[in-house]
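As structure tokens, the structure follows; a few thoughts come after it.
Read-outs: derived from the displayed coordinates by stated rules, not from any lab. Since we're looking at a predicted model, the values are computed, not measured. As a convention, Cβ positions derive from the backbone with ideal geometry for all residues, glycine included, and neighbour counts pool all protein chains shown.
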Amino acid sequence: MAFADPQTNLQKLNLSSGMTVIDFGSGIGAYSLAAASLVLPDGKVYAVEIQKDLLETLKKEAREKSLPNVDVIWGDIEQNGGVSLPDGVADVVIISNVLFQAKSMYTLALEAKRLLKPGGRVMIIDWSESFGGLGPAPIDVVPVEEIKKTFSSVGFAFVLDFPAGDHHYGLIFAK
């Protein structure tokens, strides 16, 4: 295995044309761009990020890769209604390398739930350890059991855990 690979990890979701995906804390868009190619020609990816400069970088990259189905949204995933999209719009929410920095995983889970259609899924990829100066400080690594407890407490059903890279774990929950 290697570092977390979006293409490999997204295979767990069986994405297809016409699906709507929201990428929480998209950063420069590794998951957004990979998902966008999988949901073409009729699907949509909303990349949500609080850092505007990263959204500009992602918008440019999507244009260069001919992925017109990527929309960038400046938003706060840790606020109720912080993502300016209607309730129940998404088939999938991706949360990659975000939870270790979140101030309120509970509120973030509620926002993901708000945005998902009934039966929609959330995929979480996060650090399993601090590694060689990469990723979070050891104290900030979020244990899998803590995520399961939080997402279950807002009404998600645990579906699957999987290795998501040498230093990452993957979890899937359903609404």
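If you build a Gaussian network model of the chain, linking Cα atoms that sit under 10 Å apart, which residue out of Val45, Val89, Val70 swings the most? For the chain, modelled as a Gaussian network with Cα springs under 10 Å, the answer is Val89. Within the chain, DSSP assigns beta bridges of which about 40% are antiparallel (rounded to the nearest 5). Can you figure out the FRET efficiency of Phe158 with Trp74, using R₀ = 30 Å and their beta-carbon distance, to the nearest 0.05? According to the calculation, E is roughly 0.45. Arranged from fewest to most other beta-carbon atoms within 10 Å of their beta carbon, Ser128, Ser26 become Ser128, Ser26.
Rounded to whole numbers, the Karplus 3J(HN,Hα) couplings from phi for the stretch 42-56 are 9, x, 9, 10, 10, 9, 10, 8, 8, 8, 4, 5, 5, 5, 5 Hz, using 6.51 cos²θ - 1.76 cosθ + 1.60 with θ = phi - 60°, and x at Gly and Pro.
Shape annotation for the stretch 1-85: C-alpha extents along the principal axes are 31, 30, 25 Å, from largest to smallest. For the chain, the relative contact order works out to 21 percent when only alpha carbon pairs closer than 8 Å and six or more residues apart are counted. Extension gain, Ser130-Asp87: 0.36 nm per intervening residue step, less the Cα-Cα distance, totals 12.0 nm. Only Lys, Arg, Asp and Glu carry charge here, each on its Cβ (+1 for the first two, -1 for the last two); on that basis the chain has a dipole of about 460 debye about its Cα centre.
Its Cα centre serving as origin, the stretch 1-57 has a Cβ charge dipole (Lys and Arg +1, Asp and Glu -1) of approximately 160 debye. Paramagnetic label reach from Asp140 (point 7 Å along Cα→Cβ; backbone nitrogen cut-off under 19 Å): within the stretch 1-34, residues 4, 24-30. For Val159, the residues whose amide H sits under 5 Å from its own are Ile172, Phe173, Ala174, ignoring neighbours fewer than 5 places away on the same chain, with H placed 1.01 Å from N. Using the alpha carbons alone, the radius of gyration of the chain stands to its Kirkwood radius in an Rg to Rh ratio of 0.93. Annotation: amide H of Ala90 within the under-5 Å range of Leu116, Lys117, sequence separation 5 or more or interchain, hydrogens built in the peptide plane. Excluding same-chain neighbours fewer than eight residues apart, the lysines reachable from Lys65 by a Cα-Cα span under 17 Å are Lys44. Counting Lys and Arg as +1 and Asp and Glu as -1 over every other residue whose Cβ lies under 11 Å from the Cβ of Leu58, the net charge comes to -2.
Just Phe131, Phe158, Phe24 to compare: in a GNM of the chain, with alpha carbon springs under 10 Å, which one fluctuates most? Among Phe131, Phe158, Phe24, the largest GNM mean-square fluctuation belongs to Phe131. Evaluating kT/(6 pi eta Rh) at 4 °C and 1.567 mPa s, with the Kirkwood radius of the stretch 75-175 over Cα pairs in the Stokes-Einstein relation, gives 94 µm² s⁻¹. Between the listed residues Leu110, Val159, Pro41, the Cα displaced farthest toward the positive end of the dipole of the stretch 6-174, a dipole computed from Cβ unit charges relative to the Cα centre, is found at Pro41.
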